[in-house]
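One structure below.
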Amino acid sequence: MAASLYLRTPKLTPSFHTLFRPLSISTTKSLNLPSTSTVDFFPPPLTHHHLHRFYATRAQSTEKGKFDFDLFTIGAGSGGVRASRFAANMGASVAVCELPFATISSDTSGGVGGTCVLRGCVPKKLLVYASKYAHEFEESCGFGWNYVTQPKHDWSKLMANKNAELQRLTGIYKNILSNAGVKLIEGRGKVVDPHMVDVDGKTYTTKNILISVGGRPFIPEIPGNEYAIDSDAALDLPTQPKKIAIVGGGYIAVEFAGIFNGLKSEVHVFIRQKQVLRGFDEEIRDFVGEQMALRGIKFHTEESPQSIVKLPDGSLSLRTNKGTVDGFSHIMFATGRRPNTKNLGLEGVGVDMFKNGAIKVDEYSRSSVPSIWAVGDVTDRINLTPVALMEGAAVAKTVFANEPTKPDYRAVPSAVFSQPPTGQVGLTEEEAVKEYGDVDIYTSNFRPLKATLSGLPDRVFMKLIVCAKTNKVIGLHMCGDDSPEIVQGFAIALKAGLTKADFDSIVGIHPTSAEEFVTMRTPARKIRSSNSEGMTGEVKAAARV
């Protein structure tokens, strides 16, 4: 039966591309599948009834004792831990292998908890908190606070406290696995065959294998790149940078730019394009860049790094296509991450992968080898921790609960913890126009109440994108204080398919920034792709500011 599901199938359908449409987030990537490609491993359309029968048969067909485990997970990050714990709770025999803990990942180090917990979301957010105090000290002066001496920051204390918290968290994750009855094996896992995993020389047989090894940052091959650091190292530096160059314009770059700027390092950001955050809404991109520049971050646009030179005094020089900038204590590359599939043995057992090393999977996170599954960043779909959690839970239900479950990628919200931060859910204006043609755009650009006394040039930008034909809100974007918290709530509204009329019917909470989303009445512009209303192109109305 398994073989019949993997016969050659025709080209991907538009509905598949719609499901995996790229979202407007830096970490947001589609499956990168060419629309004209022919893919061998995706199963043909089947009914839910057929899939249910297929997976139920697979789950019940193994003879007791035939394998050491029902599921062997390689990688104890967010998706792997979630899938393993859920599978164990469903009665499966589960093992997970993971490398020993370290704050910086390598071929020999990792840690239970994975990228998000140990060298991503969590430590990054802790550093964001630390860096925001400088701005809050400035704000407080307008509210009557005076400081006899300038507050000083202790980088060493921050690093020590951060690392202690990471140790606590990795311990919690180990307990979660243990309490669920999952066997944790420390070491590097490698797939030997579709039902066998080798961990540092010892082999284990398993009915199913789950790959959840995430991704790793990479530094481009340019002369002098040995002097550069990546995001892993930037989170665990022994000393705070005095002057740092950050190469890249994605979410990692802008988040670290805000961190080091807030801690009073001199920050230069080098980007190949004219704006940061490629793939985000254009107005958000403009607004974020403007606000970051106002806080003292220096942007070098349309510049690509050519080489790094270490000078006799120990400082670093960065040469780009436009010239050379000297005097850096650190040069950080935030130019992307790649799936961590090297030396996993996947090619040898026939697992299909993309050129960047990402594992090709179907809508149920199943690879071209029926017994091997993959979730999280290693599949390069939507590279967000909550998405990996969703995918892991879906695999567990599909394989062990006889409930074939597809991850639901509609209206996935995201945030960039830049300073100021952004939050977004749904389509960008550019995507909305391409998909729907006729859209109404509502915007609000205002000075928040706090800034009226602080005297600082802080502003907030908010945006709603509405389908003109259905009145449904299809995109929501914000840049300003608390935007991630605010957008998380409004994501429910977009997922539920609420209309602009529904938004208008809500009573706002005053005084808040969030109330702007339910009080925007006049479109900033109406975009029409046809003459259906006697107008073409873009029709502008008065912007609500």
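The values are calculated or read from the model by the stated rules, or taken from the named source; none is laboratory data. Owing to the predicted nature of the structure, the values given are computational and were not obtained by experimental measurement. Virtual Cβ from ideal backbone geometry, glycine too; neighbours counted across all protein chains shown. Areas reflect the complete protein model, heavy atoms only, side chains present, ligands, DNA and RNA absent. Shrake-Rupley method; radii C 1.70, N 1.55, O 1.52, S 1.80 Å.
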(message) As a quick test, which of the pairs 183/495; 264/450; 162/463; 157/274 have an alpha carbon distance above 29 angstrom in this structure?
(response) 183/495; 162/463; 157/274
(request) Any chance you could run the full-extension gain for residue 529 through residue 282? It's 0.36 nm times the residue separation minus the Cα-Cα distance, nm to one decimal. (result) 87.0 nm
(request) Run down the lysines and flag those whose C-alpha is under 19 Å from the C-alpha of residue 397, throwing out any fewer than 8 positions away in its chain. (result) 207, 406
(request) Heavy atoms only, probe 1.4 angstrom, no DNA, RNA or ligands counted: give me 474, 104 ranked by accessible area, highest first. (result) 104, 474
(request) Could you tell me what percent of the DSSP beta bridges with both partners in the chain are antiparallel, to the nearest 5? (result) 65 percent
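With a 1.4 Å probe and every protein chain kept in, tell me what percent of the accessible surface of the range 294-449 is carbon plus sulfur.
Heavy-atom surface of the range 294-449 belonging to carbon and sulfur, 1.4 Å probe: 50 percent.
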(request) Would you mind computing, in nm to one decimal, how far apart the modelled labels at residue 356 and residue 311 are, each placed 7 Å from Cα along Cα→Cβ? (result) 3.6 nm
(request) Restricting attention to the chain, give the cysteines that have no other cysteine Cβ less than 4.7 angstrom from their Cβ. (result) 97, 141, 467, 479
(message) With every protein chain kept in place and ligands, DNA and RNA left out, what is the accessible area per residue of the chain? Probe 1.4 Å, answer in Å².
(response) 45 Å²
(message) Please compute the modelled spin-label separation between residue 129 and residue 160, points set 7 Å along Cα→Cβ, answer in nm with one decimal.
(response) 1.8 nm
(request) Pop the C-beta distance of residue 221 and residue 141 into the FRET formula with R0 = 51 Å and round what comes out to the nearest 0.05. (result) 0.60
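Loop-only check: which trypsin sites (Lys or Arg not before Pro) in the range 396-458 are DSSP coil with at most 16 other Cβ within 10 angstrom? Can you show the working numbers first?
Details: sites: 397, 410, 434, 450; in loops: 410.
In loop regions of the range 396-458 (DSSP not H, G, I, E or B), the sparsely surrounded trypsin sites (Lys or Arg not before Pro) are 410.
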(message) Checking the cross-link filter: which aspartates and glutamates have an alpha carbon closer than 16 Å to that of residue 202, excluding same-chain neighbours under 8 positions apart?
(response) 68, 98, 186, 193
(request) Pull out the extension gain between residue 193 and residue 488, defined as 0.36 nm times the separation in residues minus the alpha carbon to alpha carbon distance; nm, one decimal. (result) 102.0 nm
(request) Please give the length that would be gained between residue 179 and residue 102 if that part of the chain were fully extended, namely 0.36 nm times their separation in residues minus their C-alpha to C-alpha distance (nm, one decimal). (result) 25.4 nm
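With a ≥ b ≥ c the root eigenvalues of the C-alpha gyration tensor of the chain, is it rounded (a/c under 1.5), prolate (a/b larger than b/c) or oblate? Show your work: numbers first, answer last.
Working: a/c = 1.80, a/b = 1.24, b/c = 1.46.
It comes out oblate by the Cα gyration axes.
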(request) Using Cα pairs closer than 8 Å and at least 6 residues apart in sequence, work out the relative contact order for the range 66-131, in percent. (result) 29 percent
(message) For the pair residue 272/residue 507, report the inter-label distance in nm, with labels modelled 7 Å from Cα in the Cβ direction.
(response) 5.2 nm
(request) Express the carbon and sulfur contribution to the solvent-accessible surface of the range 194-291 as a percent, rounded to the nearest whole number, probe 1.4 angstrom. (result) 49 percent
(request) Just the number, please: carbon plus sulfur as a percent of the accessible area of the range 111-165, 1.4 Å probe, no ligands or DNA/RNA counted. (result) 57 percent
(message) For a quick check of your reading of the filter: which chymotrypsin sites (Phe, Trp or Tyr not before Pro) in the range 312-390 sit in a DSSP loop and have no more than 15 other Cβ atoms within 10 Å?
(response) 354
